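Okay, so here's the structure we're looking at.
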Amino acid sequence: MTDKLGIIGVGHFAEYLVEGFLNARPEMEIILSPRGKAQAKLLAKKHGCEIAKTNQDVVNKVDIIILSVRPHDVKPVVEALKFEERQLIITVASGVSHQNLKNDVLPAELIRALPVSSAAVNHSPTLLYPENKKICHLLELLGTVIVLKDEEEFAIAAVYSAFYGWNFKFMEEIMKWGQNKGLSAQMTRAILQDMFSGMADMSKKDEKVPMGDIVETLATPGGITELGLSVINQGDGFEIWHDALDVVYNRLSGKK
C-alpha cells in the first residue's frame, strides 16, 4: 500500500478522490498538480495536501500518479511528461482507451480506472483494467473494485457511471413531485435517500434472486407498484433509458 500519491488535474473529481483516500488513510501524503490552482489551494488548506510546482514535479515525487484531467486533455498532458519504469499511472478519464494511451506513459505502466463521486464517502464501485494488485488495493480504499477483462467490457461497464449521475436528476424530479403536493424538500429528500439505500441493500441481500422475480414480488396484481409500472410501460418509459445508455456506450466505445 502506498503512503504517497500524486494527482494531476485538480477539479471537482479530484476532490472526491482526495476525500475518499484520506477518510480511509488520514496519514496518506497526496501531492497535487498546480493545474486548477484555486481548487488545489482549497484542497491543500482543507486536507493538508502538498501542491507541486509543475506536473513534472508531481511525477518526480511519487510512484503512483492519478491522471484526473478531462478526456481531451489527457494525451497532451501525458506527452509533456517523463515517467520512470517504477511508476504506475492511473487514468480516470472516461472514453480514453488503454490502448491509445499506454505507449505515451512508457516506460511506466498504465492502468484505467473509473470511480464515481461516491468515492468521497468510500462507497464507489470502481472499474479497473487491466488487473493490477497494487492499484486494486489502493482503489479498494474508495469502495468496491471491479476488474474488467478487456476494453470492450470496460466500455460497457463505464456506461453505468453516467447512469449513476442520471439518478441524482431522477431523485430531483421525484422530489419536485412531492414538494408540489405539499411535502417539504427536506422530507422528500430523506425519504428518497433511505429508499435508494434500502433498495441497494435488499438487492444485495437477495443477490441470487433474479431481479425480475423481485419486481414480480413487489408488483402484486392490483397494487400500487403494478399500477405505476403499467403507466411507465405504456409510455415506453424504460425504452428512453435504454436509448440513453446506448448513446453513452457508442461514445465510450468509439461506435458513433
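The values are calculated or read from the model by the stated rules, or taken from the named source; none is laboratory data. Note that the coordinates shown come from a computational prediction; the quantities given were computed from them, not determined experimentally. Here the Cβ positions follow ideal geometry from the backbone for every residue, glycine too, while neighbour counts run over all protein chains shown. Accessible surface is based on the protein model in full, side chains and every heavy atom, while ligands, DNA and RNA are left aside. Shrake-Rupley method; radii C 1.70, N 1.55, O 1.52, S 1.80 Å.
The chymotrypsin sites (Phe, Trp or Tyr not before Pro) of segment 187-256 that meet both conditions, a loop assignment by DSSP and at most 11 other Cβ atoms within 10 Å of the site Cβ, are Phe238. Expressed as a whole percent, the accessible surface of the chain that belongs to carbon and sulfur atoms is 56, based on a 1.4 Å probe.
Think of segment 114-224 as a dipole: +1 on every Lys or Arg Cβ, -1 on every Asp or Glu Cβ, centred on the Cα centre; then among Asn132, Ile174, Leu142, Ile174 lies furthest on the positive end. Compared with the dominant Cα axis of the chain, that is its longest principal axis, helix 185-205 is turned about 80°.
Normalised by the number of residues in the chain, the mean separation of alpha-carbon contacts (under 8 Å, six or more apart) gives a relative contact order of 14 percent. Applied to segment 75-91, the Karplus parametrisation 6.51 cos²θ - 1.76 cosθ + 1.60 on θ = phi - 60° returns per-residue 3J(HN,Hα) values of 4, x, 5, 5, 5, 8, 10, 10, 10, 10, 4, 6, 8, 10, 10, 10, 9 Hz, with x for Gly and Pro.
Proximity of backbone amide H atoms, modeled 1.01 Å from N, is registered between Val116 and no other residue at under 5 Å, excluding neighbours fewer than 5 places apart on the same chain. The residue among Gly223, Val18, Val59 whose Cα reaches farthest toward the positive pole of the charge dipole of the chain, with charges on the beta-carbon of Lys, Arg, Asp and Glu, is Val59.
Taking Cα atoms only, the orientation of helix 239-253 departs from the longest principal axis of the chain by about 10 degrees. The phi-based Karplus calculation (6.51 cos²θ - 1.76 cosθ + 1.60; θ = phi - 60°) puts the 3J(HN,Hα) values of segment 218-231 at 7, 8, 5, x, x, x, 6, 5, 4, 4, x, 5, 5, 5 Hz, whole numbers, x for Gly and Pro. Around the Cα centre of segment 128-205, unit charges on the Cβ atoms of Lys, Arg, Asp and Glu (plus for the first two, minus for the last two) sum to a dipole of about 380 debye. Applying a threshold of 31 Å to the alpha-carbon distances of Lys45/Lys134; Lys181/Lys208; Lys46/Lys149; Lys134/Lys204 flags Lys181/Lys208; Lys46/Lys149 as lying beyond it.
The residues of the chain expose, per residue, 59 Å² of accessible area to a 1.4 Å probe. In a reduced charge model with +1 at each Lys and Arg Cβ and -1 at each Asp and Glu Cβ, segment 1-147 shows a dipole moment near 340 debye about its Cα centre.
Amide H contacts of Gly143 (H built 1.01 Å from N, in plane; Pro and chain starts excluded): Ser124 sit under 5 Å, all sequence-distant by 5 or more or on other chains. Per-residue ellipticity at 222 nm from helix content only, as computed over the chain with -39500 (n - 2.57) for each DSSP H run of at least four residues, stands at -16500 deg cm²/dmol. Amide H to amide H, with H built 1.01 Å from N, Glu29 comes under 5 Å of Lys4, Leu5, counting only residues 5 or more places away or on other chains. Karplus-derived 3J(HN,Hα) values for segment 162-177, using 6.51 cos²θ - 1.76 cosθ + 1.60 with θ = phi - 60°, are 6, 4, 3, x, 4, 5, 5, 5, 4, 4, 4, 5, 5, 5, 4, 4 Hz; glycine and proline are entered as x.
Does the chain classify as rounded, prolate or oblate by the C-alpha gyration tensor (a ≥ b ≥ c root eigenvalues; a/c under 1.5 gives rounded; else a/b over b/c gives prolate, otherwise oblate)? It comes out prolate by the Cα gyration axes.
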